[in-house]
Amino acid sequence: MTESIILSIETSCDETAASVIKNGSEIISNEVVTQMMTHKKFGGVVPEVASRQHVEVMTQVIDEALKNANMKIDDIDAIAVTEGPGLIGALLVGVASAKALAFSHQKPLIPVHHIGGHIYANHLVKPLQFPLIALIVSGGHTELIYMKDHLDFEIIGETRDDAVGEAYDKVARTIGLPYPGGPEVDRLAQIGQDTLNFPRVWLEKGSYDFSFSGLKSAVINTLHNKKQKNEEIIKEDVATSFQNSVVEVLVGKTMSAVKEYDVDHLIVAGGVAANKGLRDALELETNKLGIELSIPPLNLCTDNAAMIGSIAHFLYEKKRFSDMKLNGKSSLDLEDFN
């Protein structure tokens, strides 16, 4: 087995993160500076603001990661960085920093796919067991991925419109909840009632794709009609009704994939993996089937550099390095990353 100590960098959206990871599974240090309070007043991430704030703290975050790992750059075997997908300006800050470190210290440079990183956040808790199904749920992505081995990604289902996290934020904004809306909707959903019977969008039979734009529109139209009739809008009930619709479809399609592909390991990744309603429903269904369920702790669900360092170890083993022409990519297909 190849051993590695990797300094990893993640700047795909509004978290500036750096981490030192040993052998893809041991977190030596993991530093994250979030911009959440900055973007909260805008009701969402402003790309230009995010890029500028990455520039302001990038060097400090890298220094902190090395300091807290009690290491110097000479102790590092390689530099890993998120290549994409993400906000292009934000990605470029991380990529430029990684290239500068790799060039000046003559270290291999490892480009990493952001969603691949989210999957490997699970490896930091427990080794991935193949074959497996991965459910990716985040602000920008909703995908079902089949993996037969490390770095072998087959997308079997994806969203055709809004990602699930995007739908959460839009519904939250509609009922007057602050950004980020996902955690707020999840909190209210624990105490409300499913009184609104929002639609479950299954698409054509046998499809593992997702669609949340119709559900989002149904929520908006229902609230609009209630306002016109001067009917009371109970935010908790809206949240519960919306979340139950989302969770039923996510869990239903995921468990169908688990059965069809005959896997014993299901992993969940991305920011929405922190959702209590989704976690509880998946635990219930996987217990019924007797299969392994892996969901990272909350601090590894959201964007971080530890997950980038984890997948980078396996890329390091295969010598999947880049030259100094590496650039950030706002769109990057996970299957092309195989």
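For trypsin sites (Lys or Arg not before Pro), the sites in region 30-139 that DSSP calls loop and that have at most 13 other Cβ atoms within 10 Å are Lys41, Lys72.
Think of the chain as having a plus end and a minus end, set by charges on the Cβ of Lys, Arg, Asp and Glu; of Val57, Met307, Ile155, Val57 sits farthest toward the positive end of this dipole. Between helix 235-260 and the chain there is an angle of about 60 degrees, using the helix long axis and the longest principal axis of the Cα atoms. For region 192-266, the solvent-accessible area of protein heavy atoms averages 50 Å² per residue (probe radius 1.4 Å; ligands and nucleic acids excluded). Charges were assigned to the Cβ only: +1 to each Lys and Arg, -1 to each Asp and Glu. The resulting dipole of region 186-319 about its Cα centre is roughly 380 debye.
Each Cα pair under 8 Å and six or more residues apart adds its separation to the average, and for the chain the resulting relative contact order is 25 percent. The dipole here belongs to the chain: it is taken about the Cα centre, uses +1 on the Cβ of Lys and Arg and -1 on the Cβ of Asp and Glu, and is about 600 debye. Computing Cα extents along the principal axes in Å for the structure here picks out one of [x] 59, 40, 35; [y] 67, 46, 31; [z] 97, 56, 43, namely [y]. Rolling a 1.4 Å probe over the protein heavy atoms of region 67-108, with every protein chain left in place, gives an accessible area that is 54 percent carbon and sulfur.
Relative contact order for region 1-49: 29 percent, from Cα pairs under 8 Å spaced at least 6 residues apart, divided by residue count. Pick from Ile119, Ile21, Ile156 the residue whose mean-square fluctuation is largest in a GNM of the chain, springs joining Cα atoms under 10 Å. It is Ile156. Across region 18-30, coupling constants 3J(HN,Hα) worked out from phi with the 6.51/-1.76/1.60 Karplus curve, θ = phi - 60°, read 9, 8, 10, 10, 9, 6, x, 9, 10, 7, 8, 8, 8 Hz, and Gly and Pro carry x.
Just the protein heavy atoms count here, and of the accessible area of region 145-208 at 1.4 Å, carbon and sulfur take up 47 percent.
Given the options Thr34, Leu66, Leu91, identify the residue whose Cα lies farthest towards the positive end of the charge dipole of region 1-159 (+1 on Cβ of Lys, Arg; -1 on Cβ of Asp, Glu). Going by the charge dipole, the pick is Thr34. Highest GNM mean-square fluctuation among Tyr168, Tyr120, Tyr261, for the chain modelled with Cα contacts below 10 Å: Tyr261. On full extension, the segment bounded by Thr34 and Arg200 gains 56.4 nm, given 0.36 nm per residue less the C-alpha separation.
Largest GNM mean-square fluctuation across Leu223, Leu66, Leu124, computed for the chain with C-alpha springs under 10 Å, falls on Leu223. With helices as the sole contributors, the chain gives -13500 deg cm²/dmol at 222 nm; each DSSP H run of n ≥ 4 counts as -39500 (n - 2.57), and the sum is divided by every residue. Of all beta bridges that DSSP places with both ends in the chain, some 60 percent have antiparallel geometry.
The GluC sites (Glu not before Pro) of region 207-239 that meet both conditions, a loop assignment by DSSP and at most 14 other Cβ atoms within 10 Å of the site Cβ, are Glu231, Glu232. A 1.4 Å probe run over region 270-338, with the rest of the protein chains in place, finds 47 Å² accessible per residue.
The values are calculated or read from the model by the stated rules, or taken from the named source; none is laboratory data. Note that the structure is predicted; figures quoted are calculated from it, not measured. Note that each Cβ is placed from the backbone with ideal geometry, even for glycine, and that neighbours are counted across all protein chains shown. We work out accessible area using only protein heavy atoms, side chains counted, and drop any ligands, DNA or RNA first. Shrake-Rupley method; radii C 1.70, N 1.55, O 1.52, S 1.80 Å.
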